Amino acid sequence: MSKETQLFIGLRRENGQIGYLSESLSIPEFFDLVRPVSDGHSSLVDFSPVIEALHSNHEKHVEQSIREKYNSVFNYWQESKSYSNMQIKLPKFESLSLLSNELIISLQSRIEKSKSSHSHWRTGDLDENIKVIRGIEKDCNVYIDVLLCFIHSKASLEIESFKNDVVLGQYCDYLKDVISGLFNDVVGYSTWNDRFSLVDSSLLYQIAFKETDEISYYTKLLPSFDQSQDLRLSLLNKSSSEDFHYGQNERVTKIGIEYRAPGYQELEAAKILRNISYKINSISELLKRLKKGDVDWDPNESAVEELKELVSNDKTM
């Protein structure tokens, strides 16, 4: 990894930008773009390099009907942020807002339709299920990118307006709820009684044993899950044992555990949904911080350049 810039050197958290590992981009958590300044006051760094990098990554993967609308939003955002005159910026923002709202509503409809075609692993076709999840991932990436364009334009125009925001928060909550529901279904976790739906059948048991360092990034997304719980120990506590004799004086006890071996499609689906969850949760935290107020817009060119350097140089994590 290349040397990190001074501005963002302290921004890496324990999840290591987990939401962006699949994209090979080093991008700070969105809520970390709000930096303390002094006396309880903060500033939001102009994060246009982040939007540009994400657009470059996502645009080529989107189907044509959505790509055209997506590029319209992005191009309008690019053009509108070049103005400094507020009399020009305001109507530009209004147009951008209209385009963003239309695309987000369209994406919500697509995501709902895709969600309804996703089946349980016991009864569904795993190959079809992963196709559905990959399609949802593409739509969610565009959804998030459009939200960022919306937030950036709103912040650069009047950052205090986030105190009264309703629409952006609702858009964010919608995606959080949909992806959380799908994630819980894929990993087999019931929100009704805060436990795994079928004992030992959750794919998280395999992750706990095969990818031990990764398991906490999944369990942190489960509502009311006891983070002190070790899934490996929970299986060991229910394990069976058998004694074997070797020769006259040697005896060995073997302990056996069982858990379902999920298909690779299920594991990929869980990872995709995990990553989307971290992204939209990060945006949700950004909106919460902006809603509290006492945040200024910081268009400082040096900060923008440092952020641009971080995004462009750290593409191999």
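The values are calculated or read from the model by the stated rules, or taken from the named source; none is laboratory data. Note that this is a predicted model, so its numbers are computed, not measured. Here Cβ is always computed from backbone atoms with ideal geometry, including for glycine, and neighbour counts include all displayed protein chains. Each accessible area value is taken on the protein alone, full model and side chains, heavy atoms only, with ligands, DNA and RNA left out. Shrake-Rupley method; radii C 1.70, N 1.55, O 1.52, S 1.80 Å.
Worth pointing out:
- Taking the criterion of being of a type in the set (K, R) and either over 30 Å from I215 (Cα atoms) or crowded, with 20+ Cβ neighbours inside 10 Å (or both), the residues of segment 264-307 that qualify are K271, R274, K279, K291, K292.
- Scan segment 218-233 for residues that are at pLDDT 85 or above and either in a helix (DSSP H, G or I) or polar (S, T, N, Q) (or both) and the total you get is 5.
- Test result for V142, of a type in the set (A, V, I, L, M), under 29 Å from S82 (Cβ atoms) and open to solvent by 30 Å² or more (accessible area, probe 1.4 Å): no
- Members of segment 234-263 found to be in a strand (DSSP E or B) and open to solvent by less than 100 Å² (accessible area, probe 1.4 Å), listed by number: S240, S241, D243, F244, V252, T253, G256
- Selection count, segment 120-158, where residues are in contact with a helix residue (DSSP H, G or I) (Cβ under 6 Å, 6 or more places away or on another chain) and among the hydroxyl-bearing types (S, T, Y): 2
- Answer residue from segment 60-77, given it is touching a residue at least 60 places away in the same chain (Cβ under 8 Å) and under 15 Å from L103 (Cα atoms) and is surrounded by the fewest Cβ atoms within 10 Å (Cβ to Cβ) among those: E63
- In segment 93-113 there is no residue matching the filter, namely being at pLDDT below 90, of a type outside the set (D, E) and open to solvent by 50 Å² or more (accessible area, probe 1.4 Å).
- Residue in segment 192-202 that is assigned to a helix (DSSP H, G or I) and either crowded, with 21+ Cβ neighbours inside 10 Å or aliphatic (A, V, I, L, M) (or both) present: no
- Filtering segment 39-59 to residues that are among the hydrophobic types (A, V, I, L, M, F, W, C) and open to solvent by 10 Å² or more (accessible area, probe 1.4 Å) leaves only A53.
- Conditions (1) farther than 28 Å from S56 by Cβ; (2) buried (at least 16 other Cβ atoms within 10 Å of the Cβ); number of the one not met by R122: (2)
- Residue list for segment 161-175, filter: in a helix (DSSP H, G or I) and touching a helix residue (DSSP H, G or I) at 6+ places or on another chain (Cβ under 9 Å): S161, F162, K163, N164, V167, L168, G169, Y171, C172, D173, Y174, L175
- Residue within segment 178-190 that is at pLDDT below 90, at positive phi, among the small types (G, A, S) and outside any helix (DSSP H, G or I) present: yes
Conditions (1) in contact with a helix residue (DSSP H, G or I) (Cβ under 9 Å, 6 or more places away or on another chain); (2) touching a residue at least 40 places away in the same chain (Cβ under 8 Å), marked per residue:
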site: G256; (1), (2): no, no
site: R260; (1), (2): yes, yes
site: K271; (1), (2): yes, yes
site: K279; (1), (2): yes, yes
site: K291; (1), (2): yes, yes
site: N300; (1), (2): no, yes
